[in-house]
1. Taking residue 79 as the residue in question, decide whether it is without any contact (Cβ under 8 Å) to a residue 60 or more places away in the chain, in contact with a strand residue (DSSP E or B) (Cβ under 6 Å, 6 or more places away or on another chain) and either within 27 Å of residue 259 (Cα to Cα) or exposed (fewer than 15 other Cβ atoms within 10 Å of the Cβ) (or both).
2. Does region 178-187 contain any residue that is at pLDDT below 85, under 25 Å from residue 128 (Cβ atoms) and not in a loop (DSSP other than H, G, I, E, B)?
3. Please give the helices (runs of 4 or more DSSP H) falling wholly within region 195-268 in which 3 or more residues are modelled with pLDDT of 90 or more.
4. Every residue in region 57-78 that is in a loop (DSSP other than H, G, I, E, B) and either over 16 Å from the mean Cα position of the chain (by Cα) or under 9 Å from residue 92 (Cβ atoms) (or both), please.
5. State all residues of region 252-266 that are surrounded by 21 or more Cβ atoms within 10 Å (Cβ to Cβ) and in contact with a helix residue (DSSP H, G or I) (Cβ under 7 Å, 6 or more places away or on another chain); if no residue qualifies, say none.
6. Against the condition part of a loop (DSSP other than H, G, I, E, B) and either loosely packed, with under 15 Cβ neighbours inside 10 Å or modelled with pLDDT under 95 (or both), how does residue 34 come out, does it pass?
7. Please pick out the residue among 171, 146 that is within 23 Å of residue 69 (Cβ to Cβ) and in contact with a strand residue (DSSP E or B) (Cβ under 8 Å, 6 or more places away or on another chain).
């Protein structure tokens, strides 16, 4: 798969053909329903795509969940959907991860209404196609501020109580392209590479104090945001080049987050888990 986002633009056509039969369905998944019972989870960028499905799976598996988004309209829609599908309402918060004061307020509200966070999923991100020679400083800075600095700001706001009690999980979303370049998305590639480095650094610093830090690198998952950059026919062609011969689903990624959040991953920290159907093996 030569390019994660081929040159096509516009809304996806024929997207219903992208999923393998029986994959990405709205079931509760392979984990026990009480996997995360009593735990408090925060998902930034939690109102759409992978973040929304992650919040849904966390709720289905017993966690109390807060979702944050910059957009009140999609946040309200997400909350209604999660309540309907899981029977458990999430705490919702309008929050821009670039706003340090707003992030601190989010942490205070989560602690007051749900309890101290056990799991933080750094999923808020910005991305758009731009050739490197045309990229402005402002464009580059926007993505770095949301993806990289936002991950730092959110983690810093929530990690204190985790360190004090000696337990907690930080999970951040990155991309598989970090190690091989991300053409026309170099701003996002640079930001995500920084998150991978933070993940390793934090894991070494905070591991002795009981806090695990990992990252998840999703392959091509046809969310609305991703498909804004490509046509469904091109995504189907890319799927043919993936060893498992299909695109990913939001549930594939959410299940990885569930695993990393659980005691089953108690000896895993500092790791970036690539979930891409084996596509990264084509670039070794």
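The values are calculated or read from the model by the stated rules, or taken from the named source; none is laboratory data. Every value quoted in this text rests on a predicted model; they were computed, and no experiment measured them. Every residue, glycine as well, gets a Cβ built from its backbone with ideal geometry; the counts of neighbours run over all protein chains shown.
1. Details: without any contact (Cβ under 8 Å) to a residue 60 or more places away in the chain: yes; in contact with a strand residue (DSSP E or B) (Cβ under 6 Å, 6 or more places away or on another chain): yes; either within 27 Å of residue 259 (Cα to Cα) or exposed (fewer than 15 other Cβ atoms within 10 Å of the Cβ) (or both): yes.
So residue 79 passes the test.
2. Of all residues in region 178-187, those at pLDDT below 85 come to 179.
Now restrict to residues that are under 25 Å from residue 128 (Cβ atoms): 179.
Subset that is not in a loop (DSSP other than H, G, I, E, B): 179.
Scanning region 178-187, I find at least one residue that is at pLDDT below 85, under 25 Å from residue 128 (Cβ atoms) and not in a loop (DSSP other than H, G, I, E, B), so the answer is yes.
3. Values: elements: 224-227, 232-241, 250-261.
By residue number, 250-261.
4. Start the filter on region 57-78 by keeping residues that are in a loop (DSSP other than H, G, I, E, B), which leaves 61-63, 70-71.
Selection gives 61, 62, 63, 71.
5. The answer is 253, 254, 257, 258.
6. Values: part of a loop (DSSP other than H, G, I, E, B): yes; either loosely packed, with under 15 Cβ neighbours inside 10 Å or modelled with pLDDT under 95 (or both): yes.
The answer is yes for residue 34.
7. Working: 146 fails: in contact with a strand residue (DSSP E or B) (Cβ under 8 Å, 6 or more places away or on another chain).
One residue alone meets the criteria, 171.
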